[in-house]
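The values are calculated or read from the model by the stated rules, or taken from the named source; none is laboratory data. Quick caveat: nothing in here was measured; it's all calculated off a predicted structure. Note that we place each Cβ from the backbone using ideal geometry, even for glycine, and neighbour counts take in every protein chain shown.
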Amino acid sequence: MSNLSTGLMLMAVGMVTVFVILLIVIFFGKFLIASVNKLSGKDNASSQNSVQAPAPVAQPAPAEPVPAPAAAEAGNSIYDLITPIGGRFSLSPDSEGRKPSLPFRFKKGDALCKITTADGESTLCASEDGTILAVLVENGSKVETNDVLMNIGR
């Protein structure tokens, strides 16, 4: 009888141990997933299908020189369009479906580009009227969060 009670006790202790380990793995896994999503910014990106372009940020002069006619059209106010999420970049076509030629004028609300992620496609729309002076990223290339996509003039 002693061997039977010892065996049952060891079995119960083993089952409780396995249960506790499973709980630890589950909660630690949830914590890791939440941390990675927070760091990569997926919480905001996956909940929105259309992302407004961020407000203009004063940046130093662009790395590539802007052609003089484009700079004259845009005035002295030039800023960079920065992507809020990472993914594949594609330039939005003009109203006839062609790749826009630079400098390209757009209106508030126009789609400027799309970023395709594993979660879907996000469209970056213009927050104000302006002109695309330079596109700094090739169509179809991979971009990371906070990469500069375009030089925009007002």
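Scanning the range 1-18 for residues that are outside any helix (DSSP H, G or I) and modelled with pLDDT of 90 or more turns up nothing. The lone criterion from (1) at pLDDT 75 or above; (2) part of a loop (DSSP other than H, G, I, E, B) left unmet by PRO65 is number (1). Might you check whether a residue that is within 21 Å of the chain's Cα centre (by Cα), modelled with pLDDT under 90 and within 25 Å of LYS38 (Cα to Cα) occurs anywhere in the range 124-136? Checking the range 124-136: at least one residue is within 21 Å of the chain's Cα centre (by Cα), modelled with pLDDT under 90 and within 25 Å of LYS38 (Cα to Cα). Scanning the range 127-150 for residues that are surrounded by 14 or more Cβ atoms within 10 Å (Cβ to Cβ) and over 18 Å from GLY86 (Cα atoms) returns SER127, GLY130, THR131, ILE132, LEU133, ALA134.
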